[in-house]
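Student: Dumping the structure here so I can ask a few things about it.
The values are calculated or read from the model by the stated rules, or taken from the named source; none is laboratory data. Small disclaimer: the values here were computed from a predicted structure and weren't measured. Cβ placement follows ideal geometry from the backbone for every residue including glycine, while neighbour counts extend to all protein chains displayed. Quick note on the areas: whole protein, heavy atoms, side chains included, nothing else; ligands and nucleic acids left out. Shrake-Rupley method; radii C 1.70, N 1.55, O 1.52, S 1.80 Å.
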Amino acid sequence: MSKRLILIQLPILTQDVSYLMDFLPFSIGSLASYVKTYLSKWEVLIPPVEVLAFSGDEFIIDWILDKKPDVVGFSSFLWNVERNIHIAKKIKLFSPETIIIFGGPEITKDNSFLLNHRPFDIGIIGEGEFILVQILERLSFSKNIEDLIEVPNLIIWNKELNRYVCSKFTSAKKIIHLPPSPYTNNVLGPSFSKRFFIETTRGCLNRCAYCFYHRNLSGLITFPLNRIKEELIWALENKIEEGIFVDPSFIKNPNIKEVLKIIKEINKDKKISFFCETNAEDCDPWIVSELREAGFTKVEVGLQTVNKRSLRKVNRYFDEKKFIRGVKELKRSGIEVWLDIIVGLPEDTLEDVKRSVDFVVEKELFDELNLYPLYVLPGTKLREEASHFSISFVNRPPYVVYSTKFMQPEDFFYAFEYAEEITQRDFFPCFMPIVKKHDFLSYFEIKDLSLFEIDVKKKRDFSNVISLELQDINWKKKKEKIRCINEELIKKNPYILINWIIPWEFVKGIDKSDILVFFPNRLLWIDLEIFSTASYQSTQLFLKVELNGCFSLIRVPYNLEHYLTFSDIIEKQNTIWILLSKQDSRLENKSLEVIDEISFLREHRYFKIVP
């Protein structure tokens, strides 16, 4: 009788519906493809993408338990590990005999946050395909996980010692077996947005102190050219529109000439646009021309900082002339450049961050600028040396730095504020809530708070992102019910993201306490960006305003003490949507006339027109 394995990979917690439509569980797809090929006695199940991307915690738990798995494996990243812990503990509560395995970048010996929660029976450090099959082969005969101590690169819960123990460590190069394609092996299909992920190498040649990847697998292991060709043919047959190469530095592949030749041959009509990450210094005229001919439309490059002292501390290389030349070559060819800067690196000051921003702005080195805080990830050299550099960080995901020897907490806020002013970009964008019925996301109209009840039995009704539009004019007299609704939602689905929408006319004459009732007392990892220039992320409140036959949504900030009146809210919030019907003729010119008619919108930097 075959045994059953379920693999889970959850997306980033986000209000961005377009990201959820792009989501594809590539990591567990590779694992499933390997197990399917080399261990036929195990049945491998992956939940449908719509379940992983859109469902609430409780529905996912029920889906797993309903399948009665012998083993459940979780692919764990900083953005989903807390949710993985919650779901894994619930599975253990209702099905104690089910074995829980965690894998992914979060599984390291020094991740005290994860290990203290004790969410798994077995943790896999590093490359997982070969090790997972070794585990499953042994579990086919015995459920005694302590017998797995002979399998390398594991963290195992020892009941007798009441703690985790580690098996011997073996270099990933000695045990890595590249998996068969999850696409041609009929494990994964395209994302809802017709996107797919593809890899040509494993490993990384860089030695960045803030990254774990190269410590797990130094050097490069290349995928067979024939596999790459088959995946690209599959992509065309499945009408894929965008391909994302997940290699840490795509053009470092020693077979890059052959790889690009294959892409050009198969994608000769450029039906697929491609994205990759690489080093700008390596982008000479020949390689850029080949990328363009192959259909690459976006390339991401990492500057991180112009402070060379800081770069030396984190083992980064930067040649200013080559960097500028490479970026300019990409831009001249029509390839968009996405450029990364990190805030909070060792030796970096606020002025250094400003210099880095000024450098890329003055030299016109980007089409899209990504400004990130420094994350002190488990297993990295930077985590080991954090105290040496006087780095203070939050000891839970996303492990964000909040002060260093050279930057105080307020400096992080000022860095992002400066970058937003200089670039006129929003690094903490507000995403539009669902305002009507959706195939996968929950939307409720509440006409009478007294009568509105959450039917906990209808778990499928509660997606991981939910909109509640309040239409009860007497809501202030019933505001305790709002608190109860939030509490009930979070009790069943702790990682649910909530959007409240209330008409503008309902807020006249209210005070701060009336507004705060919409915000539950919780902090998810997306709320821990303490330097953010935006407000609370996991719960959002919007005012719905009718303007000249159109509707606008204005986000109300959580930190209301910064605002004196609702006029101030309008003046200072940086994202407003103008909602028009599809029949509205003003859509033809992006409704500029509508915006011109509304005086208090004129000062805003961003307008998102939504038909």
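Student: Got a number for the accessible area of His117? Probe 1.4 Å, square angstrom, nearest 10.
Tutor: 70
Student: State to the nearest 20 debye the size of the charge dipole of region 177-287 about its Cα centre, where the only charges are +1 on K and R beta carbons and -1 on D and E beta carbons.
Tutor: About 120 debye.
Student: Follow-up. Using a Cα-Cα cut-off of under 19 Å, which lysines could be cross-linked to Lys36, ignoring same-chain neighbours fewer than 8 residues away?
Tutor: Counting by Cα, and skipping residues close in sequence, Lys36 has these lysines nearby: Lys3, Lys67, Lys68.
Student: Right, here's the next one. For the chain, what does the helix formula give at 222 nm: sum of -39500 (n - 2.57) over DSSP H segments with n ≥ 4, over the residue count, nearest 500 deg cm²/dmol?
Tutor: -9000 deg cm²/dmol
Student: How much accessible area per residue does the chain have, in Å², with a 1.4 Å probe?
Tutor: 43
Student: I would also like to ask the following. Using +1 at the C-beta of Lys and Arg and -1 at the C-beta of Asp and Glu, which of Ser27, Val507, Thr170 has the Cα lying farthest in the positive direction of the dipole of the chain?
Tutor: Positive-most Cα among the choices belongs to Thr170.
Student: State the answer as a single residue: which of Phe197, Ser463, Ala419 lies farthest towards the positive end of the charge dipole of the chain, with beta carbon charges of +1 for Lys and Arg and -1 for Asp and Glu, about the Cα centre.
Tutor: The residue sitting farthest along the positive end of the dipole is Phe197.
Student: Using per-residue counts of other Cβ atoms within 10 Å, averaged over each peptide, order 493-505, 266-278 from highest down. Present the calculation step by step, with values, prior to reporting the outcome.
Tutor: Values: 493-505: 20.6, 266-278: 18.0.
Result, highest mean first: 493-505, 266-278.
Student: Now a separate question. Of the DSSP beta bridges with both residues in the chain, give the percent that are antiparallel, rounding to the nearest 5.
Tutor: 30
Student: Right, next: Hey, what's the Cα Rg ratio for region 39-144 versus the globular rule of thumb, 2.2 N^0.38 Å?
Tutor: Ratio of Cα Rg to 2.2 N^0.38 Å: 1.04.
Student: Let me ask something additional. Let me know the charge dipole size of region 113-236 about its Cα centre in debye, to the nearest 20, where only the beta-carbon of Lys, Arg (+1) and Asp, Glu (-1) is charged.
Tutor: Computed charge dipole of region 113-236: roughly 360 debye.
Student: 5 Å is the cut-off here: which amide hydrogens, built 1.01 Å from N in the peptide plane, fall below it relative to Leu303, excluding neighbours closer than 5 in sequence?
Tutor: Correct list: Asp340.
Student: Tell me the relative contact order for the chain as a rounded percent, counting alpha carbon contacts under 8 Å between residues six or more apart.
Tutor: Once normalised by length, the contact order is 10 percent.
Student: Pop out the carbon and sulfur fraction of the accessible area of the chain as a percent, whole number, probe 1.4 Å.
Tutor: Using a 1.4 Å probe with all protein chains present, the chain comes out at 50 percent carbon and sulfur.
Student: Turning to a different aspect of this structure: Give me the distance in nm between label points sitting 7 Å out from Cα along the Cα-to-Cβ direction at Ile221 and Leu161, one decimal.
Tutor: 2.7
Student: Just how far, in whole angstrom, is region 379-427 from region 90-162 if you go by their alpha carbon centroids?
Tutor: Spelled out, the Cα-based centre of one part sits 32 Å from the other.
Student: If you place +1 on the Cβ of every Lys and Arg, -1 on the Cβ of every Asp and Glu, and leave all else neutral, what size is the dipole of region 276-330 about its Cα centre, to the nearest 20 Debye?
Tutor: So the dipole magnitude of region 276-330 works out to roughly 480 debye.
Student: At 20 °C and a viscosity of 1.002 mPa s, what translational diffusion coefficient does Stokes-Einstein give for region 1-70, taking Rh as the Kirkwood radius over Cα pairs? Give it in µm²/s as a whole number.
Tutor: 164
Student: Right, here's the next one. Of [x] 23.9, 71; [y] 24.1, 78; [z] 25.2, 73, which one was derived for Rg and Dmax of the Cα atoms in Å from the structure shown?
Tutor: Given [x] 23.9, 71; [y] 24.1, 78; [z] 25.2, 73, the structure-derived one carries the label [z].
Student: Considering the Cα trace of region 335-403, what is its radius of gyration and what is Dmax, both in angstroms?
Tutor: Looking at region 335-403, its Cα Rg and Dmax stand at 13.8, 41 Å.
Student: Can I ask one more? Would you kindly derive the ³J(HN,Hα) couplings of region 217-222 from the backbone phi angles with the Karplus curve 6.51 cos²θ - 1.76 cosθ + 1.60 (θ = phi - 60°), listing them in order in whole Hz, with x for Gly and Pro?
Tutor: Whole-Hz 3J(HN,Hα) from phi for region 217-222: 8, 7, x, 10, 10, 9.
Student: Expressed as a whole number of Å, what is the distance separating the alpha-carbon centroids of region 1-64 and region 486-517?
Tutor: One Cα centre to the other: 32 Å.
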